[in-house]
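The values are calculated or read from the model by the stated rules, or taken from the named source; none is laboratory data. This one's a predicted model, so the numbers in the text were calculated from it and none came from an experiment. For neighbour counting, all protein chains shown are included, and Cβ atoms are generated from backbone atoms with ideal geometry for every residue, glycine included. When the accessible area is computed, the model is the full protein with side chains, heavy atoms only, and any ligands, DNA or RNA have been set aside. Shrake-Rupley method; radii C 1.70, N 1.55, O 1.52, S 1.80 Å.
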Amino acid sequence: MKRSVFYGVNDIRIENAARPSVKKNEILVEVKACGVCGTDVHIYHGERGSAEVTPPIVLGHEFSGIVVEIGEEVNNFKVGDKVTVDPNIYCGRCAYCRNGKKQLCESLHAIGVNQDGGFQEYCVVPQTQAFLLEEFVSFEEGAMAEPVACCLHGIERSEIKEGDTVCVIGGGAIGLIMVQLAKLKGASKVILSEPVEMRRRIGLQVGADAVVDPASGNLKEQIKKVIGEDHVDVVIECVGRLAATRQAFEIAGKGAGILLFSVPETGAEFPLPLFDIYQKELKISGSFINPDTHLRAVKLINSRKLQIAPIITHKYCLEEVNGAIQMQMSNDSIKVLIVPKN
Ligand SMILES: [Zn+2]
Ligand SMILES: [Zn+2]
């Protein structure tokens, strides 16, 4: 089988390897689609992922496929099942795991981060990490269960209440999922702030009530034009640049929540507007991966409650994984997928 192996900064090579074999509690998944995540881009440039990366390793943690082999103690899946995978594996022993905060696990393992992932033709997956997809769901949509699951955790952290006004800053794949989840949560108005025209258009298509272009003038004034107030109740920042963080504080109303969801550069710092936090009673939250949200993400996808297809803009075959990572960084794309047998 073919696999792409990450050896270090900007160095992914296509190799031939024997098809891996499964242990008693594992399934072998023929990968049909695997998303290129911002985390893969970070790792490709030498930064850490959700866990520490030790090359050589096969990246790719957002994938779906078909079960082609099962271990002798696998009872939840059979050969031929269509599945999607939760890549994050927790130790179950540390204080965080035993105190309802498994995402903060002291020894988090992640498929596609520190054990071989989905940028290959076949991937070994513990049966506990797989979830069944409905027949009518495409592999491309199924591959998006992981980012949806991460967004679900973020939406919970944002504590949106029915009727709240929400601004999502950044219309990449995550921002466009957040727009939809905020609507499902009962937000009265969801505004997407995004400089790229194509992404604003898709934002409207997936349900944003209004879109604004932060590059075309004062964001507060633009928000006032569309909702009659120059601030919102909840801001969800999905960009990862300081200009976006600054905008989040600018448009946060009194009592607002600010969810800083993006993955910033390691060591990135931002001067906090302390008086605003005090006087406006701002609540700032972070959000990390997808604790206990993957099943609900799969249910949302299986029940067609989310529009996933418009978010997927590019597909590449396995041999083109370097090009796919470049394209994921470009403003011309939203979500790039690797389809091993494209
Ligand atoms: Zn991801
Ligand atoms: Zn743990």
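Okay, here's what the table says:
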{"read-out": "Selection status of ILE27, modelled with pLDDT under 95 and open to solvent by less than 10 Å² (accessible area, probe 1.4 Å)", "value": "no"}
{"read-out": "Considering residues of the range 221-249 that are closer than 15 Å to PRO273 by Cβ and touching a helix residue (DSSP H, G or I) at 6+ places or on another chain (Cβ under 6 Å) only, the residue most open to solvent (accessible area, probe 1.4 Å)", "value": "HIS231"}
{"read-out": "Residue in the range 53-60 that is closer than 17 Å to PHE6 by Cα, away from ligand 2 (no atom under 16 Å from the Cβ) and either exposed (fewer than 13 other Cβ atoms within 10 Å of the Cβ) or charged (D, E, K, R) (or both) present", "value": "yes"}
{"read-out": "Residue count for the range 83-115, restricted to those that are more than 16 Å from ligand 1 (Cβ to nearest atom), open to solvent by 20 Å² or more (accessible area, probe 1.4 Å), in contact with a strand residue (DSSP E or B) (Cβ under 9 Å, 6 or more places away or on another chain) and not hydroxyl-bearing (Ser, Thr, Tyr)", "value": "2"}
{"read-out": "Considering residues of the range 157-192 that are touching a residue at least 60 places away in the same chain (Cβ under 8 Å) and acidic (Asp, Glu) only, the residue surrounded by the fewest Cβ atoms within 10 Å (Cβ to Cβ)", "value": "GLU159"}
{"read-out": "Scope the range 34-78; condition under 20 Å from the mean Cα position of the chain (by Cα) and among the charged types (D, E, K, R); matching residues", "value": "ASP40, GLU47, ARG48, GLU52, GLU62"}
{"read-out": "Test for ALA18: is it open to solvent by 30 Å² or more (accessible area, probe 1.4 Å), among the small types (Gly, Ala, Ser), part of a loop (DSSP other than H, G, I, E, B) and away from ligand 2 (no atom under 16 Å from the Cβ)", "value": "yes"}
{"read-out": "Candidates PRO271, PRO291, filtered to the one that is part of a loop (DSSP other than H, G, I, E, B), outside the structural domain of HIS42 (by TED's automatic domain parsing) and crowded, with 16+ Cβ neighbours inside 10 Å", "value": "PRO291"}
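Residues are listed down the side, and each one gets a yes or a no for (1) within 16 Å of ligand 1 (Cβ to nearest atom); (2) modelled with pLDDT under 95; (3) in a strand (DSSP E or B):
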| residue | (1), (2), (3) |
| --- | --- |
| TYR7 | no, no, yes |
| ARG13 | no, no, yes |
| VAL22 | no, no, no |
| THR39 | yes, yes, no |
| GLY49 | yes, yes, no |
| PRO55 | no, yes, no |
| VAL68 | no, no, yes |
| VAL74 | no, no, no |
| LYS78 | no, no, no |
